[in-house]
Amino acid sequence: MIDAAFRALRQTLSPALRGVLWKSIGLAVGLLVVGGVLLQRGLVWFADRGADQLLAATGGDYSGAIGIAESVVAIMAGLGLFVAFMFLVPSVTALVASLFTDDVAEIVERRDYPHHPPGRALPVWIAIWEAVKFFGVVLLVNVAALPTLLIAGIGVAVFFLVNTHLLGREYFEMAAMRFRSPEEARAMRRAHAGRVFAAGLPIAALVSVPILNLITPIFATVYMVHVHKTLSAERGET
């Protein structure tokens with residue numbers, strides 16, 4: 001697994017994948033910016049509406065105090081927005097990965113496994129469903145884990161373990177579904193649950209590092225192509 005992780009990192013930055021990498025980074029940044037703008041507008045609207053209601057209820061007698069409270073809320077909202085971005089990155093990179101899986105996997109398979117039967121791209125409707133599901137599951141679980149940040153130290157550990165499980169599972173299944181039906185891919189993942197969880201550790205570590213986490217979709221896809229090939233060989237499959 002360690003050798004596969006370093007191998008995947010080298011290949012992610014290689015000329016063969018550089019074009020896909022830049023497209024993936026551009027799309028991830030664009031989605032994060034759009035998400036950030038929408039969140040910021042929503043928070044500003046909420047704060048302004050709350051201030052207006054307080055002013056109306058008090059008849060303007062406490063406008064100075066309400067103004068200070070509004071400023072405090074704005075600062076806290078900014079900090080909250082930064083924290084929210086940490087939890088948005090895994091789901092956004094998951095969505096981006098699902099769009100580039102076949103392009104990346106095909107390059108890796110052709111280069112490193114030329115004597116193996118080539119993988120097959122999923123039918124469009126299945127690929128769209130898997131992409132939406134992948135994004136939704138990672139987003140919902142990370143949002144559900146957000147309150148744990150209130151407990152010192154626990155939030156970071158929960159964030160890391162949750163993403164180790166989810167990202168390892170989903171990226172492995174995406175790589176496996178090029179050679180198996182979705183049901184067979186999930187069965188293989190369950191049969192090697194411990195190995196797949198361990199394989200998710202470097203992905204979760206990378207997605208936790210600002211800026212570097214933008215290469216997660218390509219790195220994780222390349223990495224899981226190698227992990228799937230390794231486990232397939234151990235099962236006597238070629």
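Residues in the range 7-20 carry Karplus couplings, in order, of 4, 5, 5, 4, 5, 4, 8, 7, x, 4, 10, 5, x, 5 Hz; the curve used is 6.51 cos²θ - 1.76 cosθ + 1.60 with θ = phi - 60°, and Gly or Pro positions show x. Among His165, His115, His226, His192, the order of accessible area from largest down is His115, His165, His192, His226, computed with a 1.4 Å probe on protein heavy atoms. Taken over the Cα atoms of the range 175-238, the convex hull encloses 80 Å³ per residue. Take the Cα of Val141, step 7 Å toward its Cβ, do the same at Leu161, and the gap between the two points is 1.3 nm. Extension gain, Ala198-Thr230: 0.36 nm per intervening residue step, less the Cα-Cα distance, totals 10.1 nm.
When Rg and Dmax are taken over the Cα atoms of the range 94-213, they come to 15.5, 52 Å. Computed from backbone phi with θ = phi - 60° and the Karplus coefficients 6.51, -1.76 and 1.60, the 3J(HN,Hα) list for the range 96-112 is 4, 4, 5, 7, 10, 3, 5, 4, 5, 4, 5, 5, 5, 5, 5, 7, 9 Hz; x is used for glycine and proline. Zone of Asp103 (label point 7 Å along Cα→Cβ, backbone N under 16 Å): which residues in the range 1-42? Taking a point 7 Å out along Cα→Cβ of Asp103, the residues of the range 1-42 whose backbone N falls under 16 Å are 12-31. Take each peptide in 13-26, 206-219, count the other Cβ atoms within 10 Å of every residue, and average; sorted highest first, the result is 206-219, 13-26.
The values are calculated or read from the model by the stated rules, or taken from the named source; none is laboratory data. Since we're looking at a predicted model, the values are computed, not measured. A quick note on method: Cβ atoms are made from the backbone with ideal geometry, for glycine too, and the neighbour counts reach across all protein chains shown. When the accessible area is computed, the model is the full protein with side chains, heavy atoms only, and any ligands, DNA or RNA have been set aside. Shrake-Rupley method; radii C 1.70, N 1.55, O 1.52, S 1.80 Å.
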